[in-house]
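The values are calculated or read from the model by the stated rules, or taken from the named source; none is laboratory data. Because the structure is a prediction, the values reported are computed rather than measured. Glycine gets a Cβ as well: all are built from the backbone with ideal geometry, and neighbour counts include every protein chain shown. We work out accessible area using only protein heavy atoms, side chains counted, and drop any ligands, DNA or RNA first. Shrake-Rupley method; radii C 1.70, N 1.55, O 1.52, S 1.80 Å.
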Amino acid sequence: MDESTQQLKVWCTGEDWCPITSTATLIGKKWHTVVIHQLLANGPLGFNALKEEVGGISSKVLSDVLEDLEQKQLIDREIVNEKPVRVKYSLTDIGESLEPVIQEMAHWGEEHLMTAPNEESSVA
């Protein structure tokens with residue numbers, strides 16, 4: 001089975017809400033959608049470039065997010081044979097297929113959310 005036809009495991013039961021819950025489980029953590037969005041916008045990135053694009057994320061948290069997204073088969077981690085050796089992150093076909101979801105989230109937010117008064121503000 002090639003990657004484009006591969007389906008991910010489901011983590012819930014119940015036909016009506018299961019696809020929504022499973023999708024939310026994959027991308028529902030705070031930084032997951034931000035990382036996916038940056039990889040959609042910029043293409044493959046190294047760790048430091050991705051950290052800079054995301055902004056406001058610690059190296060530890062980014063590392064954990066990348067590990068989780070890789071485990072969930074949404075991103076690929078490639079070791080680039082250069083000196084020094086570095087790692088490049090890119091979206092899998094499944095990760096790229098989230099583009100319309102991320103775009104709709106952005107559209108909804110632009111339509112319904114106020115601009116934060118400062119960088120430390122958040123939705124309560």
Near pairs, Cβ below 9 angstrom, 6+ apart or cross-chain, from region 98-112 (among the small types (Gly, Ala, Ser)) to any residue that is part of a helix (DSSP H, G or I):
Ala106/His37
Do we have Ser63 as part of a strand (DSSP E or B), under 13 Å from the mean Cα position of the chain (by Cα) and not charged (D, E, K, R) here?
no
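From the residues in region 39-54 that are of a type in the set (D, E, K, R) and closer than 16 Å to Ser90 by Cβ, which one is most open to solvent (accessible area, probe 1.4 Å)?
First pass over region 39-54, keeping only residues of a type in the set (D, E, K, R): 51-53.
Within this subset, residues satisfying the condition of being closer than 16 Å to Ser90 by Cβ are 51, 53.
Details: Lys51: 66, Glu53: 83 Å².
Checked region 39-54; the qualifying residue most open to solvent (accessible area, probe 1.4 Å) is Glu53.
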Given Ile27, Ile57, which one is more than 25 Å from Gln7 (Cα to Cα), open to solvent by less than 40 Å² (accessible area, probe 1.4 Å) and aliphatic (A, V, I, L, M)?
Ile57
I'd like to check something: does region 14-26 contain any residue that is within 16 Å of Glu70 (Cβ to Cβ), touching a strand residue (DSSP E or B) at 6+ places or on another chain (Cβ under 9 Å) and either modelled with pLDDT of 80 or more or part of a helix (DSSP H, G or I) (or both)?
no
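Which residues, taken from region 71-95, are without any contact (Cβ under 8 Å) to a residue 40 or more places away in the chain and either open to solvent by 30 Å² or more (accessible area, probe 1.4 Å) or more than 20 Å from Asn48 (Cα to Cα) (or both)? Write out each step before concluding.
Applying the first criterion (without any contact (Cβ under 8 Å) to a residue 40 or more places away in the chain) to region 71-95 yields 71, 76-85.
Correct list: Gln71, Asp76, Arg77, Glu78, Ile79, Asn81, Glu82, Lys83, Pro84, Val85.
Anything in region 71-93 that is assigned to a helix (DSSP H, G or I) and either under 14 Å from Leu45 (Cα atoms) or modelled with pLDDT under 95 (or both)? List them, or say none. Outline the logic, then answer.
The initial filter retains those residues of region 71-93 that are assigned to a helix (DSSP H, G or I), namely 71, 93.
Scanning region 71-93 gives a single hit, Gln71.
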Does Glu110 satisfy the criteria of being open to solvent by 100 Å² or more (accessible area, probe 1.4 Å), under 22 Å from Gln7 (Cα atoms) and assigned to a helix (DSSP H, G or I)?
no
